[in-house]
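For reference, the structure discussed in these notes is given below.
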Amino acid sequence: MKIQVKGVGLTKFGELWDKSLLDLSLEASVEAIKDALIDEKNIDAVFVGNMLIGKIAGQDHLGPVVASALGLNCAAFKVEGACASGGLAVHLAIQGLLAGTYKNVLVVGAEKMSDAPTSQITWALMGASSSLERKAGLTFPALYAMLSQAHMQKYGTTRQQLAYVSVKNHFHAALNPKAQYPFEITLEQVLNSSRIASPISLLDCSPITDGAAAVVLAADTNSKGVYITASAVASDTIDLAQRESLTELKATQAAGKLALKQAGVEITDIKLAEVHDCFTIAEVLAMEDLGFCPKGGGGKFISSKATKLGGKCPVNTSGGLKACGHPVGATGVKQIIEVTQQLRNSAGKRQVKEANIGLTQNVGGTGATVVVHVLQN
């Protein structure tokens, strides 16, 4: 498998009161098409990753909305897979390219979350959970708190190790002008921030974010550039109570193994990764389930600075969901863009040295859907 990332476009992430979802989608799309050096009329299909717009603004038919605003009459699709909507949109676009149905596709991930009350956003996000979890009054901070508690009890992971995920990702975000929170924080600030669901505090959580990301993908294997060499999806039970273990995401393990096999590489070949740190425990689990470190060793691995810029394998150089921001439909596409920029050697102050192979992991809900991509140049 070899699909070229021909162009990328990314808006600022944050509370963007003066821009609509369509404004953001067009800004990222136009930038990606320009970067790809192709005429927009050569776009054969548009895939739009989005989770919430139907619930919070009543617009469900988003594919044609974006395509027509760009002046395109091509095939257009809206893709929804909870917080993995962006990654799934990339995956499905790749299938169309591999099948020969399309030659050039535009993938847009976009979300406008700040226009709705926090209570409505919380309710809408819980559409990614099971009906039983919703009836029990659970929210995602509470669900990930359960995963945190289980991991701490089984492996001795500490509160400080979880907090270091936030500290590290804010350090990276301080180097990223597109980040929602481009500033550093201290371990003490994380530990002393308001408790949300023990042991998770406010600064363990990704924020409510507006933003859009877009990529132009092409079935082009003849020119130099960055290529997606693996795209894998796996699923798990949507209800945590039905799982055998609360200390692993089996969908990450399955998608990760398949992606590495598709790309013909080992996890030790990966030079950087963008993973789904919606809560700090999620990055710890990702490190273990993808195979960057032994099971139970994620906390120690991250706090050893192995995943910080300059370390063995920098993770979430964009700032991750925690500090770059988490416009849920855009996140999976933004991850592709960050790795692409790294492989292009165009990441500026956050550039990873000798970056030639990168990985992305995009998670829906508490791991019911996981998308893993491998990129190479």
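Quick look at the numbers
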item	result
The stretch 153-201, residues that are surrounded by fewer than 20 Cβ atoms within 10 Å (Cβ to Cβ), within 26 Å of A116 (Cα to Cα) and either of a type in the set (A, V, I, L, M) or under 19 Å from the mean Cα position of the chain (by Cα) (or both)	P177, P182, I196
The one condition in (1) more than 23 Å from the chain's Cα centre (by Cα); (2) surrounded by fewer than 18 Cβ atoms within 10 Å (Cβ to Cβ) that E133 fails to fulfil	(2)
Residue in the stretch 267-277 that is free of Cβ contacts under 8 Å to residues at least 24 places away in the same chain, over 27 Å from G7 (Cα atoms) and in a helix (DSSP H, G or I) present	yes
Residue list for the stretch 227-256, restricted to those being more than 27 Å from V215 (Cβ to Cβ) and small (G, A, S)	A241, S245
Test set (1) in contact with a Lys or Arg (Cβ under 9 Å, 6 or more places away or on another chain); (2) surrounded by fewer than 24 Cβ atoms within 10 Å (Cβ to Cβ) - D204 fails condition number	(2)
Selected residue (only one of I228, I238, I281 is surrounded by 19 or more Cβ atoms within 10 Å (Cβ to Cβ) and either in a loop (DSSP other than H, G, I, E, B) or acidic (D, E) (or both))	I238
Among the residues listed as T186, T158, T209, T247, the single one being within 18 Å of E274 (Cβ to Cβ), modelled with pLDDT of 95 or more and of a type in the set (S, T, N, Q)	T209
Filter pass, K271 being basic (K, R), crowded, with 22+ Cβ neighbours inside 10 Å and either at pLDDT below 95 or under 20 Å from the mean Cα position of the chain (by Cα) (or both)	no
Scope the stretch 183-225; condition touching a His at 6+ places or on another chain (Cβ under 6 Å) and either under 19 Å from T331 (Cα atoms) or assigned to a strand (DSSP E or B) (or both); matching residues	S206, T209
So I56, is it touching a helix residue (DSSP H, G or I) at 6+ places or on another chain (Cβ under 6 Å) and at pLDDT below 95	yes
Among the residues listed as A69, A76, A110, A84, the single one being in contact with a helix residue (DSSP H, G or I) (Cβ under 7 Å, 6 or more places away or on another chain) and surrounded by fewer than 16 Cβ atoms within 10 Å (Cβ to Cβ)	A69
Any chance L258 is part of a helix (DSSP H, G or I) and either surrounded by 20 or more Cβ atoms within 10 Å (Cβ to Cβ) or in contact with a helix residue (DSSP H, G or I) (Cβ under 9 Å, 6 or more places away or on another chain) (or both)	no
Among (1) surrounded by 23 or more Cβ atoms within 10 Å (Cβ to Cβ); (2) within 15 Å of G329 (Cα to Cα) - the single one G14 does not satisfy	(1)
Filtered residues of the stretch 152-166 (kept if in a helix (DSSP H, G or I) and within 21 Å of N192 (Cα to Cα))	M152, R159, Q160, Q161, L162, A163, Y164, V165, S166
Cross-chain or 6+ apart pairs with Cβ under 8 Å, the stretch 236-259 first and under 18 Å from Y155 (Cα atoms), then of a type in the set (S, T, N, Q) and buried (at least 23 other Cβ atoms within 10 Å of the Cβ)	L249/T366
Neighbours by Cβ (under 7 Å, 6+ apart or cross-chain): first from the stretch 128-147, closer than 20 Å to I208 by Cα and of a type in the set (A, V, I, L, M); second surrounded by fewer than 17 Cβ atoms within 10 Å (Cβ to Cβ) and modelled with pLDDT of 95 or more	A145/S198
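The values are calculated or read from the model by the stated rules, or taken from the named source; none is laboratory data. Quantities reported herein were computed from a predicted structural model and do not represent experimental measurements. Cβ atoms come from the backbone with ideal geometry, glycine included; neighbour counts cover every protein chain shown.
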